[in-house]
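Trainee: Dumping the structure here so I can ask a few things about it.
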Amino acid sequence: MTARSRRSDALALAVAFGLAACAANWNDTSTTTPAATDTSAPPLTTIDSAASTTPAATTTRAVTTATPTATDLASLRATLTPVATLQQPVAMALRPGDDALYIAERIGRIRVLRNGQAEPDPLLDISELTQAEGERGLLGLAFAPQGDRLYVNYTDPAGDTHLDEFTVAPDGSVDPSSQREVLFQDQPYPNHNGGQLVFGPDGYLYVGLGDGGSQRDPDRRALDLGTWLGKILRIDPRRAGDAPFSVPDDNPFVDDPEARPEIWSYGLRNPWRFTFDADTGDLWIGDVGQNRIEEVSVSRASDGAGRGVSFGWSASEGTNPINDDQPSTGHVPPVYEYPHELGCSITGGYVYRGEAIPGLQGAYVFADYCVPGIRAFALDASGQAPEPVDLTAEPDGIASFGEDATGELYVLSLQGVVARIDPA
């Protein structure tokens, strides 16, 4: 089957089930009407020095750095070991000190997979607070490095973004009554909501937000440092006095009165899934394109892991110019891009640091929602990506990946599949 026909089949399946990848961009072909006036974000919060202590950094596994060559990867294949079948699984997280896998279902539930079995009752059910439609729903989750707090990223019935905190008891249970709003963002259009939540190697929470939607970034938000839209934010999400969170004092724009201090990286269209390399700390971003190009961008830890970096949207889509009224220089270009003949909505993944597939160590594993299967590439000596290899030919509708405590990777499909990526 060709890539084009597989894409058509995947799109037909999405329409048949009334589903769209949360990162999907096919809504861009229609005219959308703002759901609400964009008031950007709530008033700026300030750091409460008495309450703002640096969070505990996450533990980096002791692994051997390796980078395979294109030749090494050429004949490499993987297989999928089914783990569970859930309802629209869309994101996965780990709780420190806990062997379970925590899976967000887009409909608003968090399920626990323990010892290869899905627990019958959800850890948390916020389905009354969200609606899984289009690119909306429960989109991301993350546990604090201390394991005592759970953060969820979801859109409400009006389509606006919420980042909420819940208290986690020592036994791992979550108290629904402990819900606390950390931040809120008006969404002017129904698409490009982002949704990723990641605690970085520094222990701070990184939050992905799309550019607000519609086509071609109509209000030029992505490169505007005065709004959170089109950005990755970096915050300490713990309450700081009367403020719902605090801003790390080494964020790149804390001293710029024209910028939102929470901003870490900008110039992003829809950074649906981004991750940190567990070995190096490099930041990898799968940024969903508009109607021509999908892209993968990297910022090395030695270059700040995205600190203050512009990734170019909406001056360009990948390396293709888009809006000539936006600055054309000063951006970090993607390390890999591909046209829509080969897909339509990138699902960013992880640099593989597990041990089950030695030949894959150091390669970036990713997918496209519209084309079944998992792909991988490793950067060459010039820092660019050769053509990726196809590790598997399934599943359909890949919305996300997950990484367990040993570095092994999992794939999540909105069709219900949760599977571990194993050697063929």
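Rule-based calculations on the coordinates, nothing more; no lab input. Please read these numbers as outputs of a predicted model, since none were measured by experiment. For neighbour counting, all protein chains shown are included, and Cβ atoms are generated from backbone atoms with ideal geometry for every residue, glycine included.
Trainee: Pop the C-beta distance of Arg77 and Glu387 into the FRET formula with R0 = 25 Å and round what comes out to the nearest 0.05.
Mentor: After rounding to 0.05, the efficiency reads 0.95.
Trainee: Here's another thing I want to ask about it. Looking at the stretch 225-301, I'd like the Rg to Rh ratio, where Rg is from alpha-carbon atoms and Rh is Kirkwood's inverse mean 1/r. Spell out each step's value before the answer.
Mentor: On the way: Rg = 14.2 Å, Rh = 13.9 Å.
In the stretch 225-301, Rg relative to Rh is 1.02.
Trainee: Using only alpha carbon positions, build the gyration tensor of the stretch 106-201, then give the equivalent ellipsoid semi-axes as the square roots of 5 times its eigenvalues, largest first, whole angstrom. The partial results should precede the final answer.
Mentor: Numbers: eigenvalues 105, 47, 31 Å².
Value: 23, 15, 12 Å, ordered largest first.
Trainee: Strictly greater than 22 Å: what percent of every Cα pair in the stretch 152-245 meets that?
Mentor: Details: 1479 of 4371 pairs.
Distances greater than 22 Å cover 34 percent of the Cα pairs.
Trainee: Let me ask you something else. What FRET efficiency would be calculated for the residue pair Asp303, Asp175, taking the C-beta separation as r and a Förster radius of 56 Å, to the nearest 0.05? Working shown, then result.
Mentor: On the way: r = 41 Å, r/R0 = 0.73.
After rounding, the FRET efficiency stands at 0.85.
Trainee: For Gln415, what is the net charge nearby, where nearby means another residue's Cβ is under 11 Å from its Cβ and Lys, Arg count +1, Asp, Glu -1? Mind showing how you got there, number by number?
Mentor: Working: positive: none; negative: Glu394, Asp396.
Net local charge, Gln415 excluded: -2.
Trainee: Follow-up. I want to check the label-to-label distance for Arg292 and Glu128. Put each point 7 Å from Cα in the C-beta direction and report it in nm to one decimal.
Mentor: Rounded to a tenth, the inter-label distance reads 4.8 nm.
Trainee: Let me ask something else about it. Which semi-axis lengths, in whole Å and largest first, follow from the square roots of five times the eigenvalues of the Cα gyration tensor of the stretch 315-389? Present the calculation step by step, with values, prior to reporting the outcome.
Mentor: Values: eigenvalues 144, 51, 18 Å².
The answer is 27, 16, 9 Å, longest axis first.
Trainee: How large is the convex hull of the C-alpha atoms of the stretch 244-359 per residue, in Å³?
Mentor: Details: hull volume 17.0 nm³, N = 116.
About 147 Å³ per residue, rounded to a whole number.
Trainee: Evaluate the Debye formula for the stretch 284-424 with equal point scatterers sitting on the alpha carbons, no solvent, and hand back log10 of I(q)/I(0) at q = 0.10, 0.13, 0.14 Å⁻¹, in q order, two decimals.
Mentor: The Cα Debye sum returns log10 ratios of -0.35, -0.58, -0.67.
Trainee: So what is the relative contact order for the stretch 306-375, in percent, with contacts set as C-alpha pairs under 8 Å and at least six apart?
Mentor: Reported relative contact order: 22 percent.
Trainee: Report the Cα centroid-to-centroid distance between the stretch 153-211 and the stretch 231-266 in angstrom, as an integer.
Mentor: With the stretch 153-211 and the stretch 231-266 each reduced to a Cα centre, they are spaced 15 Å.
Trainee: May I pose another question? Please list the radius of gyration and Dmax for the stretch 263-310, considering alpha-carbon atoms only, with Å as the unit.
Mentor: Cα radius of gyration and Dmax of the stretch 263-310 are 10.9, 34 Å respectively.
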